[in-house]
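Read the figures in this text as sums done on the coordinates, not as results from a lab. The model shown is predicted, which means the values in this text are computed figures rather than measured ones. Here the Cβ positions follow ideal geometry from the backbone for every residue, glycine too, while neighbour counts run over all protein chains shown.
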Amino acid sequence: DQLFAEAGQFVPFQIGDVVLSGSHPCQRCVVPTQDSVRGDRYPNFQKTFVIKRQETLPEWTVRQRFNHFYRLTVNTKVTASEAGKTIQVGDKIKLLSPS
């Protein structure tokens, strides 16, 4: 689960037949702070999220990549060679060795 590294480095990984490169941790949007059906806001969601992210940040993480801890996902790059390929629910994910 190490999909990013130092700034400027990319971490290759594969989902099904599609190869992607993880680049950096991505900031969360407002959507998860709301109930997906009713739209009610979860009280203190962002504060709780930030506290838990700090508490559970993996040892391997380059902490300088986090100017704040409201980040959850990873931005990725897809090369032209992967065009037309499909990712499906249930596809296996695996880390690849950098080339």
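Worth pointing out:
- Other residues whose C-beta falls under 12 angstrom from the C-beta of residue 85 contribute a net charge of -3, scoring Lys and Arg +1 and Asp and Glu -1.
- Once exposed loop trypsin sites (Lys or Arg not before Pro) are cut out (DSSP; at most 16 other Cβ, 10 Å), longest piece of the chain: 39-84
- When the Cα convex hull of the range 52-99 is projected onto planes of every orientation, the mean area is 5.6 nm².
- Restricting the GluC sites (Glu not before Pro) of the range 32-99 to loop positions (DSSP other than H, G, I, E, B) with no more than 10 neighbouring Cβ atoms within 10 Å leaves 59.
- Surrounding net charge for residue 24, when Lys and Arg each add one and Asp and Glu each subtract one, Cβ distance under 12 Å: +2
- Partners for residue 77 among lysines (Cα-Cα distance below 25 Å; same-chain residues under 8 apart left out): 85, 92, 94
- Taking other Cβ atoms within 10 Å as a rough exposure proxy, 89, 62, 11 sort from fewest to most as 89, 62, 11.
- Modelled FRET efficiency - R0 25 Å, residue 2 with residue 38, Cβ distances, 0.05 increments: 0.10
- The loop-placed chymotrypsin sites (Phe, Trp or Tyr not before Pro) in the range 54-99, going by DSSP, that have at most 16 neighbouring Cβ atoms within 10 Å of their Cβ come out as 60, 66, 70.
- With both residues required to sit in the chain, DSSP beta bridges show an antiparallel share near 100%.
- Per residue, the convex hull spanned by the Cα atoms of the range 11-83 amounts to 132 cubic angstrom.
- Mean residue ellipticity, 222 nm, helices only, the chain: the sum of -39500 (n - 2.57) across DSSP H runs of n ≥ 4, divided by residue count and rounded to 500, is -4000 deg cm²/dmol.
- Charge context of residue 12, other residues only, Cβ under 12 angstrom, K/R +1, D/E -1: +1
- Rounded to 10°, Cα long-axis angle of helix 45-56 versus longest principal axis of the chain: 50 degrees
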